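The values are calculated or read from the model by the stated rules, or taken from the named source; none is laboratory data. On a predicted model such as this, the values are computed, not experimentally measured, just so you know. Virtual Cβ from ideal backbone geometry, glycine too; neighbours counted across all protein chains shown.
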Amino acid sequence: MVNLTINGKVVQAEEGEVLLSVIRREKIDVPALCHHEAVEAFGACRLCVVEITRQEWDGWCDYVTSCLYPASDGLIVNTHAAKVNDLRKTIVDLFLARHPKCPEIIELAAEYGVYSTTYQTVVDGDNCILCGLCTRICDRMGFHAISTVGRGHGKEVSPPLHKAPPDCTGCLACAQNCPTSFIEYSAAKGFLTIWDKKFELLKCSGCGKETITKVFAEHLCQERKIPFEYFQICDECHRKQLAATMGEITSWDREAAS
Amino acid sequence: MKNRFIVNPDLCTGCRTCELACSFTHAIEGLRGQTRIYPLDGGFKDLWIPVVCLQCDDAACVKSCLVDALRRNSETGAIDLNQEVCVKCMACVAACPFGCSVVDQQHKLVVKCDLCGGDPACAHFCPTKALKWNPIEPQTRKVAV
């Protein structure tokens, strides 16, 4: 365990734990778009920038992304110093220039007092901030279906060769965790479409409610040895089934007691 | 594990106080959360079954989680869902054979019973003691060999 100071408060952290985890644990609000606890830090959005210094640095300080910087003994962290706020303001300003129509970015920029960008706006820009969270989560799930392709202006998130990805199972983890809700999918009439690939959705045999995709369920059955019958009924019908079974047992007890 | 969560459907009157207690206990920023306990009638007259997570030994939800967000808490004995790690793929919701991993539509989260971190609110509020949080007493009677 190491002792460090965050905004004047001495806190304990594990040696080598990243600063952002410690800051979040202390319930200090530091914005971050590309961070997720399930995957390794990437440092793409730069919004989690903090000011660090040490007693022996004689007033010198450094500005680092807290999602990548490890906690160490005697570190003094300031998450909302004036310079840090200025840096974040510049970052959201740049984000706003690149993604002027993105609601999440507009909201975040307004928090920092940026209502219109001071840079030249990208007119035909999309809402993808290229943080790579979707690709990292896809890798963590073990599918490796999407990745970033191209460089510079042409960089984008895409399945291989811009075709329907063969390894995608339609689990929707990429779309659910996209910080700007850019990844589109549609579910209609028992089919789910994501990354131009069409998946058959499993239907509850009791009420007809659509659950996860058949491919994803089959993957879980194969990888994690879960019986396929578990996926054929929705959660609500599962609960009703359990209540019916338990009710039958309780009614036997009642009959025996009377 | 010092306590045991006991559900006795015979005493349940279907008053749904547990549902309210659960929902208010798991409120986020003042908004009520999704209940983790469901008193259902199960198709029997005058019989209510509080359906709640059974915290299975070999749980399908833990097996189905590809990012290890579900882990057993050794202190409470419950299977805890780490919201920070969860990627909302809905695998556990679909896999649970008892339907006790549920989606909180309002907060866009997957939730399950965590025994309130070792002090279940539903057991406190149950007026008929159909839900109990009893200490596990050391076994006093000798078992015949």
### Identity of the residue in the range B:25-65, surrounded by fewer than 16 Cβ atoms within 10 Å (Cβ to Cβ) and in contact (Cβ under 8 Å) with a residue 60 or more places away in the chain, that ends up farthest from the other protein chains (Cβ to nearest Cβ)
B:31
### Query
Here are some residues: A:47, A:96, A:68, A:75. Which one is modelled with pLDDT under 95, crowded, with 20+ Cβ neighbours inside 10 Å and more than 25 Å from residue A:154 (Cα to Cα)?
A:75
### Query
Looking at B:69, B:94, which one is of a type in the set (A, V, I, L, M) and more than 27 Å from residue B:39 (Cβ to Cβ)?
B:69
## Note on the structure
Among strands (runs of 3 or more DSSP E) completely within the range B:66-145, the ones holding 3 or more residues that are at pLDDT 90 or above and within 11 Å of chain A (Cβ to nearest Cβ) are B:101-104, B:109-112
### Query
Within the range A:193-203, is even one residue at pLDDT 90 or above, within 14 Å of chain B (Cβ to nearest Cβ) and under 22 Å from the mean Cα position of the chain (by Cα)?
yes
#### Entry: Verdict on residue A:180 being of a type in the set (Ser, Thr, Tyr), within 11 Å of chain B (Cβ to nearest Cβ) and over 14 Å from residue B:98 (Cα atoms)
no
### Task
Determine which single condition residue A:144 fails, assuming it passes every other condition in (1) at negative phi; (2) at pLDDT 90 or above.
(1)
### Message
Could you list, ordered by first residue, the pairs with Cβ atoms under 7 Å in which the first is in the range A:75-92 and on the phi < 0 side of the Ramachandran plot and the second is part of a helix (DSSP H, G or I) and of a type outside the set (Gly, Ala, Ser), at least 6 apart or interchain?
### Response
A:77/A:19; A:78/A:84; A:79/A:23; A:92/A:108
## Note on the structure
Taking the range A:149-182 and the residues there that are of a type in the set (S, T, N, Q) and touching a helix residue (DSSP H, G or I) at 6+ places or on another chain (Cβ under 6 Å), the one that is nearest to residue A:42 (Cα to Cα) would be A:177
### Message
Return the residues of the range A:41-74 that are in a loop (DSSP other than H, G, I, E, B), over 24 Å from residue A:105 (Cβ atoms) and either without any contact (Cβ under 8 Å) to a residue 60 or more places away in the chain or not polar (S, T, N, Q) (or both); say none if nothing qualifies.
### Response
A:58, A:59, A:60, A:61, A:69, A:71, A:73, A:74
### Query
Going by the structure shown, is residue A:101 farther than 30 Å from residue B:65 by Cα and part of a loop (DSSP other than H, G, I, E, B)?
yes
### Query
Does residue A:40 satisfy the criteria of being within 14 Å of another protein chain (Cβ to nearest Cβ), surrounded by fewer than 18 Cβ atoms within 10 Å (Cβ to Cβ) and among the charged types (D, E, K, R)?
yes
